[in-house]
Amino acid sequence: MIQVQPKPSDQEDEEFEPKRITLEEFFEWYPDRGGRYELRNGVIVEVQPTGPHEQVGGFLTLEVGFQIKQYSLPLIIPRQCILKGWDDDKSGFSPDVAVLHANALSEEPLWKKRSTITKGTSVCLAIEVVSTNWRDDYLTKLGEYEKLGIPEYWIVDYLGLGGRRLIGNPKQPTITICQLVNEEYQLQQFQAEERLVSPAFPNLNLTVSQIVQVAE
């Protein structure tokens with residue numbers, strides 16, 4: 001039986017060697033009872049967000065969803081989906097918010113059976129709400145989403161948890177919008193009362209402070 005690997009203690013890091021599985025094995029394992037899980041380099045990781053984290057994710061889903069409805073955009077926001085790793089079959093990421101091109105889903109081989117996206121061009125926008133494991137969003141997922149070719153990626157650090165080299169000193173709530181240009185992400189950061197500038201949703205009228213207030 002495949003089990004979720006526990007996080008090793010600092011003393012166990014050198015000796016800890018989890019069993020690594022494929023994405024197909026991950027799909028077969030995925031429990032019917034629900035929950036959120038990702039596969040990272042062959043290891044199942046359970047995602048356990050806090051209440052404020054979910055409030056922020058839900059708020060952003062509503063705001064983006066309103067833009068889709070108001071302007072009749074051919075986009076959808078699934079309740080949950082997996083983004084397959086770009087160059088292997090041992091990684092699958094579950095973004096907090098994913099906005100997909102509706103007309104691209106018929107070309108996605110795993111969509112109907114596994115709600116899984118294999119092509120970055122099928123994604124309009126991916127959003128990750130930062131938790132204490134902030135390196136996942138600022139480093140790992142940024143690199144993976146860039147390789148996949150996802151055109152726009154938001155890192156919503158509503159608590160200002162990221163490293164000082166990433167969000168400045170003193171640290172404060174920051175939203176980083178990554179836009180794919182010539183296969184590389186160009187980063188633009190927003191703080192306090194600054195209005196977000198989203199290439200995908202140019203009419204979105206939202207500031208960092210508004211997002212932070214949702215979780216207070």
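Values quoted throughout were computed directly from the atomic coordinates according to the rules given, and no laboratory measurement underlies them. None of the values given here were measured: they were computed from a predicted structure. Using ideal geometry, Cβ is built from the backbone for each residue, glycine included, and neighbour counts are taken over all protein chains shown.
Some values worked out for this structure:
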item	result
Set of the stretch 112-138 residues, backbone N closer than 17 Å to the point 7 Å along the Cα-Cβ line of Gln172	none
Pairs beyond 30 Å (Cα-Cα), from Lys19/Lys171; Lys69/Lys119; Lys69/Lys171; Lys90/Lys171; Lys69/Lys90; Lys90/Lys112	Lys19/Lys171; Lys69/Lys171; Lys90/Lys171; Lys69/Lys90
³J(HN,Hα) computed for each position of the stretch 108-123 - Karplus, 6.51 cos²θ - 1.76 cosθ + 1.60, integer Hz, glycine/proline x	8, x, 10, 5, 5, 8, 10, 6, 10, 9, 10, 10, x, 5, 7, 9
For Leu83, residues with placed amide H under 5 Å, excluding near neighbours	Phe93, Ser94, Ile117
At R0 = 25 Å, FRET efficiency that the Cβ-Cβ distance of Trp29 and Asn133 yields, to 0.05	0.70
Taking the C-alpha atoms of the chain, convex hull volume expressed per residue in Å³	141 Å³
Computed [θ] at 222 nm, deg cm²/dmol, the chain (DSSP H ≥ 4; -39,500 (n - 2.57); rounded to nearest 500)	-6500 deg cm²/dmol
Peptides ranked, highest mean first, by Cβ atoms within 10 Å: ranges 51-58, 88-95, 183-190	88-95, 51-58, 183-190
Among beta bridges that DSSP assigns inside the chain, antiparallel share in %, nearest 5	85 percent
In nm, spacing of pseudo-spin labels at Asn41 and Thr207 (7 Å Cα→C-beta vector)	4.1 nm
Average Cα contact separation per residue, the chain, under 8 Å, 6 or more apart, as relative contact order %	15 percent
Radius 15 Å from Cβ of Pro173, net charge of other residues (Lys, Arg +1; Asp, Glu -1)	-3
Computed lengthening from Lys69 to Leu105, 0.36 nm per intervening residue step minus Cα-Cα distance	11.1 nm
